[in-house]
Amino acid sequence: MALEVKLEVFEGPLDLLLHLIDKNKVDIYDIPISLITQQYLEYLDTMRKADMDIMSEFLVMASTLLDIKCKMLLPKEVNEEGEEVDPRSELVQQLLEYKIYKYMSYELKDMQQDAAHSLFKPATMPEELKNVKPPVDYEVLLNGTTLAALSRIFHETMKRQEDKIDPIRSKFGKIEKEEISLEDRTEEIRKYAESRTSFSFRELLTDSKDKLAIIVTFLSVLELIRHGNLNAEQDGDEIIITVRKAA
């Protein structure tokens, strides 16, 4: 009874050569042509029933291997620079390029498999909300005032608060006090603005004792601007707040 052998499937002659190189654990830059050619031809002998179009590609590579083997038996050629020419160099270059493309295909296949697990949900926002516009244009209200200017004033104020810290008393225990709410601070600034036509943002921070109070003051001013009670514009390093009187 004949021994039945299951052949590995290779994508082409270069794929088979890479397999033989890995199997024999040889350096791709120093291919033992005699050994690889012998094993390559043995594999071709088992492909008698293969498709002739595919078989022709393997036969062309077989002839290339035999040609290289013959050249290696002859005296080595020398190029114009006086260096010996290795007849295997062109084949090595083809194998290296094929190996790069092969592993790139593995990466693309993995990416395709990962993408198959990704699901995308179409937008479900109601049509009524898509056309809704913000009720206030902050760029118009702030009138050229930039966030950079507001940030600079905020940090300068915080720095002044830090400079006022007593190196001795700051180490004492803290007495907790009730936190001021945004609504209360907003109402305080509203009353403060009733008797004025304009004032600087810095004036509101004079009595602020801690970081939380400064932040609440900052948010309260923005809230009043949003409701149209105040306007703000930049004058050098100062933010000037103008009171909008009811018509």
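Which condition number does Asn79 fail, the rest of (1) free of Cβ contacts under 8 Å to residues at least 40 places away in the same chain; (2) under 19 Å from Glu11 (Cα atoms) being met?
(2)
Limited to region 192-247, what total is found for residues that are within 19 Å of Glu156 (Cα to Cα), assigned to a loop (DSSP other than H, G, I, E, B) and polar (S, T, N, Q)?
2
Can you tell me which residue within region 85-134, out of those that are among the acidic types (Asp, Glu) and either touching a residue at least 60 places away in the same chain (Cβ under 8 Å) or surrounded by fewer than 10 Cβ atoms within 10 Å (Cβ to Cβ) (or both), is farthest from Ser34 (Cα to Cα)? So that I can check it myself, show each step before the final result.
Let us first name the residues in region 85-134 that are among the acidic types (Asp, Glu), namely 86, 90, 97, 107, 110, 114, 127-128.
Next, only the ones that are either touching a residue at least 60 places away in the same chain (Cβ under 8 Å) or surrounded by fewer than 10 Cβ atoms within 10 Å (Cβ to Cβ) (or both) stay: 107, 114, 127-128.
Numbers: Glu107: 34, Asp114: 43, Glu127: 74, Glu128: 77 Å.
Within region 85-134, the match that is farthest from Ser34 (Cα to Cα) is Glu128.
Within region 64-116, how many residues are in contact with a strand residue (DSSP E or B) (Cβ under 8 Å, 6 or more places away or on another chain), under 18 Å from Tyr29 (Cα atoms) and aliphatic (A, V, I, L, M)?
The number of residues fulfilling the criteria is 1.
Which residue out of Leu129, Leu119, Leu41 is in contact with a helix residue (DSSP H, G or I) (Cβ under 9 Å, 6 or more places away or on another chain), outside the structural domain of Glu223 (by TED's automatic domain parsing) and of a type outside the set (Phe, Trp, Tyr)?
The conditions single out Leu41.
Right, Ser34: at pLDDT 80 or above, surrounded by 10 or more Cβ atoms within 10 Å (Cβ to Cβ), among the hydroxyl-bearing types (Ser, Thr, Tyr) and over 47 Å from the mean Cα position of the chain (by Cα) or not?
When the stated conditions are applied, Ser34 passes them.
What's the number of the condition Leu119 fails, among (1) assigned to a helix (DSSP H, G or I); (2) modelled with pLDDT of 75 or more?
(1)
Can Pro167 be described as surrounded by fewer than 11 Cβ atoms within 10 Å (Cβ to Cβ) and either modelled with pLDDT of 65 or more or small (Gly, Ala, Ser) (or both)? So that I can check it myself, show each step before the final result.
Numbers: surrounded by fewer than 11 Cβ atoms within 10 Å (Cβ to Cβ): yes; either modelled with pLDDT of 65 or more or small (Gly, Ala, Ser) (or both): no.
No.
The values are calculated or read from the model by the stated rules, or taken from the named source; none is laboratory data. Values in this document were obtained by computation on a predicted structure and should not be read as measured data. Positions of Cβ are backbone-derived with ideal geometry, glycine not excepted, and every protein chain shown enters the neighbour counts.
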